[in-house]
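Read the structure below first, then the notes.
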Amino acid sequence: MALKSFTPPDRILMGPGPSNVHPRVLEAMAKPTIGHLDPKFIKLMDEIKDLLRYAFQTKNELTFPVSGPGSVGMETCLVNLVEPGMKVIVCINGVFGGRMKNIVERCGATPIIVEAAWGEPISAAKLEGTLQKNNDAKLVAFVHAETSTGALSDAKSLVEIAHKHNCLTIVDTVTSLGGVPVKVDDWEIDATYSGSQKCLSCPPGLSPVTFSNSALDFIKSRKSNVQSWFMDINLVTSYWGSSSKRSYHHTAPINALYGLHEALILLQEEGIENAWARHQKNSNIFIEELNKLGLEVFVKEGHRLPELATIKIPEGIDDNEIRSRLLNEFNIEIGAGLGVLAGKIWRIGLMGYTSNENNINSCLSALKQILGK
Ligand SMILES: Cc1ncc(COP(=O)(O)O)c(C=O)c1O
């Protein structure tokens, strides 16, 4: 039997990512492919780097999208800034801090854990205490916006404490970039990675990263080779670096980069402060209405991510049944809880292009019908 071309259903993506992709991004991605060393493409790469500097609020020269999803951005930052035998402070308040710990161990380094309960932010006092006990630590890594719980940590304070103790910092901004302030230069973040599929309204598959000069100095003075060929910053900069002479490193995902470029143009048109304000305003409206339905937010006020509401599943409600009815009857995808929160919370995203009043109203009306409110 001959199979037919795939036609995806028209979903409202209100999970923890991917979010809905802006039509202008999809249009951009459908344009003809050109070569990855074509002078016109090189010019586009330079524009993407400039636009990413705006998104990250940085002047860092080394700012580019890694070819790969957020996890590849995470590994890129870690494998370049971790050497075997090093002590690395890893803050864990959900799934993604745990993933960082795993990578640190694979790099042959020793992770020292600063733990917070799932749903809580990372405590600055706890980080300070751990650094006082481990004055030979060289690096602090943490997640700014923990997508598994919906909690936002205070990146500025955590970076300040890390620097006071002579540590470099890696900050995961996969879910925060474009949704809440991420100020790489003001907060003096040394390395950060994000993802294309959340508040930037792109399909998944690209991970914007940026490295400070202090991070680059560390990489240049490493005693050991970076353990990954693909992610070694010393090698990938032959393609993404500042030189006007770009050379082959890997074949870049050309059309995906057309898409990222268009998404970043959209962010520039809206203005990043306006994008942050839109996410906050829509979150306030959504949460107020959810409360009226008797649904409770999992994370305490003041630490909640505006782009991702985590909702306690009421007693006696079948998690799977509600999520499949939302998907099958209303075309709305929401996310399940991960790890220890499986079956306990729903994760409802209002990220990027998805964050608008129409989607809020559709989701509320569907929930009302399904929950019989
Ligand atoms: C906070 C955080 N870090 C890292 C990742 C990994 O990104 P990806 O799934 O694109 O590899 C995710 C994905 O959801 C995330 O939310």
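Among the listed residues Ser123, Ser214, which satisfies the condition of being hydroxyl-bearing (Ser, Thr, Tyr), away from the ligand (no atom under 16 Å from the Cβ) and surrounded by fewer than 17 Cβ atoms within 10 Å (Cβ to Cβ)?
The match here is Ser214.
Would you check if there is a residue in region 5-16 being on the phi > 0 side of the Ramachandran plot, within 16 Å of the ligand (Cβ to nearest atom) and not polar (S, T, N, Q)?
Checked region 5-16: no residue is on the phi > 0 side of the Ramachandran plot, within 16 Å of the ligand (Cβ to nearest atom) and not polar (S, T, N, Q).
Mind telling me which of the residues Val340, Val299 ends up being under 26 Å from Ser153 (Cα atoms) and either out of contact with any strand residue (DSSP E or B) (no Cβ under 6 Å at 6 or more places or on another chain) or not in a loop (DSSP other than H, G, I, E, B) (or both)?
Going through Val340, Val299 in turn, just one is under 26 Å from Ser153 (Cα atoms) and either out of contact with any strand residue (DSSP E or B) (no Cβ under 6 Å at 6 or more places or on another chain) or not in a loop (DSSP other than H, G, I, E, B) (or both): Val340.
Please verify whether Phe230 is away from the ligand (no atom under 16 Å from the Cβ) and over 10 Å from the mean Cα position of the chain (by Cα), treating the condition exactly as stated.
No, not satisfied.
Which of the residues belonging to region 50-67 are within 21 Å of His250 (Cβ to Cβ), surrounded by 19 or more Cβ atoms within 10 Å (Cβ to Cβ) and not hydrophobic (A, V, I, L, M, F, W, C)?
Of everything in region 50-67, those that are within 21 Å of His250 (Cβ to Cβ), surrounded by 19 or more Cβ atoms within 10 Å (Cβ to Cβ) and not hydrophobic (A, V, I, L, M, F, W, C) turn out to be Thr63, Pro65, Ser67.
Given the conditions (1) out of contact with any Pro (no Cβ under 9 Å at 6 or more places or on another chain); (2) part of a helix (DSSP H, G or I); (3) closer than 13 Å to Met14 by Cα, report the number of the one that Glu321 does not fulfil.
All conditions are met except number (3).
Can you pull out the strands (runs of 3 or more DSSP E) entirely within region 55-116 that have at least 1 residues that are hydrophobic (A, V, I, L, M, F, W, C), within 11 Å of the ligand (Cβ to nearest atom) and out of contact with any Lys or Arg (no Cβ under 7 Å at 6 or more places or on another chain)?
In region 55-116, the matching strands (runs of 3 or more DSSP E) lie at 62-67.
Could you list, in sequence order, the residues of region 250-293 that are under 18 Å from Ile48 (Cα atoms) and free of Cβ contacts under 8 Å to residues at least 24 places away in the same chain?
Residues satisfying the conditions are Glu269, Glu270, Gly271.
Residue-wise test of (1) open to solvent by 20 Å² or more (accessible area, probe 1.4 Å); (2) of a type outside the set (Val, Ile, Thr).
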| residue | (1), (2) |
| --- | --- |
| Thr310 | no, no |
| Phe330 | yes, yes |
| Glu333 | yes, yes |
| Leu338 | yes, yes |
| Leu341 | no, yes |
| Ile360 | no, no |
| Gly372 | yes, yes |
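Of the conditions (1) open to solvent by 10 Å² or more (accessible area, probe 1.4 Å); (2) farther than 28 Å from Arg106 by Cβ; (3) away from the ligand (no atom under 16 Å from the Cβ), Val21 clears all except one; give me its number.
Condition not satisfied by Val21: (3).
I'm trying to understand the selection: among the residues of region 129-158, which are assigned to a helix (DSSP H, G or I), surrounded by fewer than 24 Cβ atoms within 10 Å (Cβ to Cβ) and either within 16 Å of the ligand (Cβ to nearest atom) or among the hydrophobic types (A, V, I, L, M, F, W, C) (or both)? First the steps, then the outcome.
So the first thing to find is which residues in region 129-158 are assigned to a helix (DSSP H, G or I), and the list is 129-133, 155-158.
Subsequent filtering for residues that are surrounded by fewer than 24 Cβ atoms within 10 Å (Cβ to Cβ) retains 129-133, 156-157.
Once the filter is applied, which keeps residues that are assigned to a helix (DSSP H, G or I), surrounded by fewer than 24 Cβ atoms within 10 Å (Cβ to Cβ) and either within 16 Å of the ligand (Cβ to nearest atom) or among the hydrophobic types (A, V, I, L, M, F, W, C) (or both), region 129-158 yields only Leu131.
How about region 159-180: which of its residues are more than 16 Å from the ligand (Cβ to nearest atom) and on the phi < 0 side of the Ramachandran plot?
Val159, Glu160, Ile161, Ala162, His163, Lys164, His165, Cys167, Leu168
Out of region 1-48, which residues are assigned to a loop (DSSP other than H, G, I, E, B) and among the basic types (Lys, Arg)?
Lys4, Arg11, Lys31 - these are the residues of region 1-48 that are assigned to a loop (DSSP other than H, G, I, E, B) and among the basic types (Lys, Arg).
Provide a single number: the residues in region 279-289 that are closer than 20 Å to Phe56 by Cβ and surrounded by fewer than 20 Cβ atoms within 10 Å (Cβ to Cβ).
1
I'm trying to understand the selection: among the residues of region 244-269, which are open to solvent by 60 Å² or more (accessible area, probe 1.4 Å) and farther than 16 Å from Pro69 by Cα?
Once the filter is applied, which keeps residues that are open to solvent by 60 Å² or more (accessible area, probe 1.4 Å) and farther than 16 Å from Pro69 by Cα, region 244-269 yields Ser244, Lys245, Tyr248, Gln268, Glu269.
The values are calculated or read from the model by the stated rules, or taken from the named source; none is laboratory data. Keep in mind that what you see is a predicted model, and the values were worked out from it rather than measured. Glycine gets a Cβ as well: all are built from the backbone with ideal geometry, and neighbour counts include every protein chain shown. Side chains are part of the model used for accessible areas, which takes the heavy atoms of the whole protein and leaves out ligands, DNA and RNA. Shrake-Rupley method; radii C 1.70, N 1.55, O 1.52, S 1.80 Å.
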